[in-house]
Amino acid sequence: MKFTVPKGSHYVRHLSLLELAVGWPKGVFILLEFGADALEVDLRRCPYRTAYADDLDCDDFRDSLAPLLQRGCVVRSEDIHQCNSKTIRALLINELTNRRKRLHDVARSCLPPSRFAEITGPGIDESIIDVHAFQIYAELIATNLMVDRSLECDATSDAPVYHHKNYEPYATLNAWDDLYLAGFRDVDLPDSRGLTPLMVAGLSPEFAENRVIWLVGKGASLSKRIPFSNTTVAHLMTSRLFRKLFEGLQFGVKYDQGDHMSPKSINYHKHTIFLFPSIRDCCTCFCSDGGCTTLSVALRECSASYLHQWTPSTTPSKSSYIFGLQSLIDLREETQERDHTIIRFLTFEALGLRHTCCREIMNIGYFENYARDIMDENEVRNIQEEDQHRYQQLDELVEDLKTRFDDLRLPIIDFLDGPWYARMAQVLSARDPYDEEHILQNRNNGIFLEPVESHDIPPFFSIFSSQIQDWKQKYPLPAMAIAEAKTRGVINRGIAHFTLEHSNLSYCKP
């Protein structure tokens, strides 16, 4: 006897009987036979989710899932990314691919060609619809066309396949590989917020450098500007990667040779992700000449990471700052531009000048936090007007220091340790000290001086001079190790320090 399941009786605690039956093929078949609606099934709600599927024992899951997919159950990119079973993942990707192809065909048939081209842009026939899927679906619905519900796209609950938020930073990218082979090629297109997959990866709280490497390898652009900001993707990635590198130095993390943060991998990828080719943004901050570079962003991250470790009861390791700075220097090719950039940036920092750039990429968080931290034009203008009288001193100092550096021909770290430190100490010692009584007296007269006028000496400045010499003596790098590293082309001088077992800065197992 056949009968229809009464409306409302096929749900248990907001889960449909079909969702509860996933993993039990006979139960799914019976429920479908008696009228259960597969269109209402959301795999994310099922107790037996795709994340639990295992290739060694997935026959029942596959046999129960297949008829649901054929009848239009909801498939989201999250289901694919979380799936560890190659068999189940292939089933999901095949279904999503077929649905997107059908959506493409319906849109081609029902939308004016000019409107279709306006939405998708050029080259859509070479790729499966992904980033533009929701807009195309919404356009079809707006024409009052009855579209198969299995083709429905929800922008609020599902992201394009490469824009998926990263909740598991150490997860493999097998799903991305399979999706790319299936024809999903939107690796560099912005979503509805204007964010490309690289931007999403860089703004994710759980940062995973393997995603960055994968996307760059597939042609994702590093030079695109992030929405509402002057900074670029390259600057964002430099900040996140160097922060992770500095944390490894500080906390003594050891990375296996196969890890992307290992010395070998860092050196191999240094020209693509760890320190991108020198890209300038269009900011007007005086820490760099003509816009921030990826190197100046890494230098700022080095200083910021060092300062973030200060607490009322602890002082961060000076060795970690020096070690990070030396590694950063060695990751870049030795050029006059590199060394002049370092001199200008550290002089800017030593003078206590305020940055008007890159604040949004200095804090860990997702897009909402990033947008909140962007400096508006009025804030930038006010800071630069207040510090205007000090920029001339900065420019004069930098020109003098660059000339001395070029004449002396010292390695940059030795120049910072000697002539630069001596000159800056002379400049800073000539300043008026902070005088609270003077400030209070001026307030009574209607003159309000901000604490910045005290010109406090930044903590990182005390690292230089004898500190670097002490560090070099404490952590010497054997000449043989340097020669071997350079000969093999695997690691360079700064990164070779990572492998010294006798150094307390070497990576050790947690």
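Every number here is computed from the coordinates shown, using simple stated rules; none is lab data. Values in this document were obtained by computation on a predicted structure and should not be read as measured data. Backbone-built Cβ (ideal geometry, glycine too); neighbour counts: all protein chains shown.
Measuring from a point 7 Å past the Cα of ASP177 along Cα-to-C-beta, which residues in the stretch 187-224 have an amide N at less than 14 Å?
Residues 211, 214-215 qualify, since their backbone N sits under 14 Å from the label point.
Assuming R0 = 25 Å, what is the FRET efficiency of ARG102 and SER192, from their Cβ-Cβ distance, to the nearest 0.05?
0.65
Which order, highest average first, do 175-183, 349-357 follow once you tally other Cβ atoms within 10 Å for each residue and take the mean per peptide? Show your work: numbers first, answer last.
Working: 175-183: 17.3, 349-357: 20.0.
For the peptides 175-183, 349-357, the packing ranking is 349-357, 175-183.
Can you tally the net charge around ASP407? Count Lys and Arg as +1, Asp and Glu as -1, for every other residue whose Cβ sits under 15 Å from the Cβ of ASP407.
Once all neighbours under 15 Å are counted, the net charge is -1.
Could you please tell me the mean projected area of the C-alpha convex hull for the stretch 75-186, averaged over all directions and given in square nanometres to one decimal?
7.0
Using 31 Å as the Cα-Cα cut-off, could you pick out the over-long pairs in LYS26/LYS218; LYS86/LYS224; LYS218/LYS244; LYS218/LYS402?
Over 31 Å Cα-Cα: LYS26/LYS218; LYS86/LYS224; LYS218/LYS402.
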